[in-house]
Amino acid sequence: MQYENNIPVFLEFWESNEEPTLDDLESYLNEHAEIYEKYFPMHCPKTEERLSAALQKYEGKINDIRSISASLPTVIQEVDEKYEQTFGLGLDLSFKLMVGTFGSNAFVTRDNRREIYFAVEKLSAERDHLKVITAHEIGHVTHFAMGTRDGLDWSTVDWGHGLTTLFTEGAATYLSKRTVPGLQKPVYFSFDDEGEPWVKCYEDNKAEVKRRFLEDALGEWDMAKEKEWFRLSGGAYFGYNRIGYILGTDYVEQLVERIGEDAALTYWNGNDLKADIVEWLGK
């Protein structure tokens, strides 16, 4: 395991400017472009509006950012060791810690599925919350590594379809619950203590959520649907974004009950995953 903590670089910038301006922030981002090359624009739009809004939010998060800088490396090591003890995949992961501009909170890079980024301004400083989001991201890598181990032909995976995203996000959440057990259910989806209304919305409207996702999945999948179900910019259907994460976890959990953990997590190898999800959604 390797990690690179770039948070002190941001803290130095922030503390050296009494009242940082938009120009100051843009200069900082340009000066340290190598830190952000995989963050902008894929995981956060680098717009004047976005940067201006970030400047207004940093002050309220700066103490959390300092705390996370000190605690997250040990959390990562703890969770990484738990995954290795449980699955023994020898992942040899690389972690990048940074302060972003309030876009994605964490992601696995697309060109290197052993590299994980954390944009810590979006994270809760609570240790359990940090453990869960770390477990979620390592869960993605573990899920992909299990497919590779079992000979999955990755060229057959339809990465652009919501049924695939439903499975991968559900698997990562399932693995986070498996690796960091015993917390309140909403924490595994919101990574903080604010997720209860979101989960209750899903549980109260589960049949309609399944019906609506099935309707979208049977049509042409596009970015508008991806945003509605899996991005922070969604929430038009039910008032809460990323409802697809909870739906995907429900699917994976019932699949594990039906065929066992290993078979469920590698189900996209040799089976018609999309057809199975569509059948489940229609029940």
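Under 13 Å between alpha carbons, and skipping anything fewer than 8 positions from residue 46 in its own chain: which aspartates and glutamates qualify?
Leaving aside aspartates and glutamates fewer than 8 places away in the same chain, those within reach of residue 46 are 26, 37.
About the Cα centre, and with charges only on the beta carbon of Lys, Arg (+1) and Asp, Glu (-1), how big is the dipole of the chain? Nearest 20 debye, please. Present the calculation step by step, with values, prior to reporting the outcome.
Working: 30 positive and 51 negative charges, 164 e Å.
Result for the chain is approximately 780 debye, rounded to the nearest 20.
If I fit a long axis through the Cα atoms of helix 162-179 and take the longest principal axis of the Cα atoms of the chain, what angle between them do I get, 0 to 90°, rounded to 10?
Helix 162-179 sits at roughly 80 degrees to that axis.
Could you order 210, 82 by accessible surface area, starting with the largest, using a probe radius of 1.4 Å? Can you show the working numbers first?
Details: 210 25, 82 75 Å².
Heavy-atom accessible area, descending, gives 82, 210.
Using θ = phi - 60° and the Karplus relation 6.51 cos²θ - 1.76 cosθ + 1.60, list the HN-Hα couplings for segment 194-208 in order, rounded to whole Hz, with x at every Gly or Pro.
9, x, 4, x, 5, 5, 5, 4, 4, 5, 6, 10, 4, 4, 6
What's the ranking of 27-35, 224-232, 161-169 by average number of surrounding C-beta atoms within 10 Å, highest first? Mind dumping the intermediate values first?
Details: 27-35: 13.9, 224-232: 18.2, 161-169: 21.6.
The densest-packed peptide leads the list: 161-169, 224-232, 27-35.
Points 7 angstrom from Cα along the Cβ direction at residue 156 and residue 253: gap in nanometres?
Result for the modelled spin labels: 2.9 nm.
Sticking with the crude label model, points 7 Å out along Cα→Cβ, report the distance from residue 185 to residue 12 in nm, one decimal please.
The two pseudo-label positions are separated by 4.7 nm.
Checking the cross-link filter: which aspartates and glutamates have an alpha carbon closer than 17 Å to that of residue 274, excluding same-chain neighbours under 8 positions apart?
153, 158, 169, 215, 216, 220, 222, 226, 250, 253
Under a plain spin-label model, where a point goes 7 Å from the Cα along Cα-to-Cβ, how far apart in nm are residue 85 and residue 104?
Going from the residue 85 label point to the residue 104 one covers 3.0 nm.
Leaving out ligands and nucleic acids, and using a 1.4 Å probe, what accessible area per residue does the chain come to in Å²? Before the final figure, lay out each step's value.
On the way: 12970 Å² over 283 residues.
The answer is 46 Å² per residue.
Could you state the orientation-averaged shadow area of the convex hull built on the Cα atoms of the chain, in nm² to one decimal? All intermediate terms of the calculation are to be shown ahead of the outcome.
Working: hull surface 58.4 nm².
Averaging across all directions leaves 14.6 nm² for the Cα convex hull.
The values are calculated or read from the model by the stated rules, or taken from the named source; none is laboratory data. Just so you know, these numbers come straight off a predicted model, no measurement behind them. Please note: Cβ atoms are built from the backbone with ideal geometry, for glycine as well, and neighbour counts cover all protein chains shown. These accessible areas exclude ligands, DNA and RNA; they are computed on the full protein's heavy atoms, side chains included. Shrake-Rupley method; radii C 1.70, N 1.55, O 1.52, S 1.80 Å.
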